[in-house]
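Below: the structure, in structure tokens.
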Amino acid sequence: MTIYVDNMRIKYKGKEWCHLMADSLDELHEFALFLGLHRGWFHRSASYPHYDVTVEVRAKAIIHGALPAQRKTIIECGKKLKRELLASTSSDLS
């Protein structure tokens, strides 16, 4: 399982936020649950499916095995997750 976190540090509501992604949706949700993130916080409809995490949660994720990732890796991973999400949605409709 490979989990990735970027270091965007987007300022919002007095905190700095980063993006959490993985090689698969199952891995992403499993790791997010481990970190204490609620499934409802999953950004399903974003350009790329992900969880937003504070820089503090980012540090915890890295301690537990997440890899710091550059923008290129995050985009590639996001495209893969988007394809997986679309495939699972279309199979749910059949």
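Of all residues in the range 18-32, those satisfying the criterion of being assigned to a strand (DSSP E or B) and either more than 14 Å from LYS60 (Cβ to Cβ) or under 8 Å from the mean Cα position of the chain (by Cα) (or both) are HIS19, LEU20, MET21, ALA22. Note on the range 45-71: residues that are part of a helix (DSSP H, G or I) and more than 17 Å from SER24 (Cα to Cα) total 9. Looking across the range 43-63, just one residue is modelled with pLDDT of 95 or more, more than 17 Å from TYR12 (Cβ to Cβ) and not aliphatic (A, V, I, L, M), and that is LYS60. When CYS77 is tested against (1) within 13 Å of ILE3 (Cα to Cα); (2) out of contact with any Ser or Thr (no Cβ under 9 Å at 6 or more places or on another chain); (3) part of a helix (DSSP H, G or I); (4) not aromatic (Phe, Trp, Tyr), just one condition goes unmet, and that condition is (2). Only residues that are farther than 14 Å from ALA66 by Cβ and not acidic (Asp, Glu) were counted in the range 1-23, giving 9. Residue under question is GLU84, and the condition is that it be surrounded by 15 or more Cβ atoms within 10 Å (Cβ to Cβ), without any contact (Cβ under 8 Å) to a residue 60 or more places away in the chain, part of a helix (DSSP H, G or I) and among the acidic types (Asp, Glu); does it hold? Spelling it out, it is not the case that GLU84 is surrounded by 15 or more Cβ atoms within 10 Å (Cβ to Cβ), without any contact (Cβ under 8 Å) to a residue 60 or more places away in the chain, part of a helix (DSSP H, G or I) and among the acidic types (Asp, Glu). Of all residues in the range 44-81, those satisfying the criterion of being of a type in the set (Gly, Ala, Ser) and free of Cβ contacts under 8 Å to residues at least 12 places away in the same chain are SER45, ALA46, ALA59.
Let's see how each residue does on (1) farther than 20 Å from LEU37 by Cβ; (2) touching a Gly at 6+ places or on another chain (Cβ under 9 Å); (3) surrounded by fewer than 16 Cβ atoms within 10 Å (Cβ to Cβ):
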position: THR54; (1), (2), (3): no, no, yes
position: ALA61; (1), (2), (3): no, no, no
position: THR73; (1), (2), (3): yes, no, yes
position: GLU76; (1), (2), (3): yes, no, yes
position: SER90; (1), (2), (3): yes, no, yes
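The values are calculated or read from the model by the stated rules, or taken from the named source; none is laboratory data. Just so it is clear, the model here is predicted, and its values are computed rather than measured. Cβ sites come from the backbone with ideal geometry, for glycine too, and all protein chains shown count toward neighbours.
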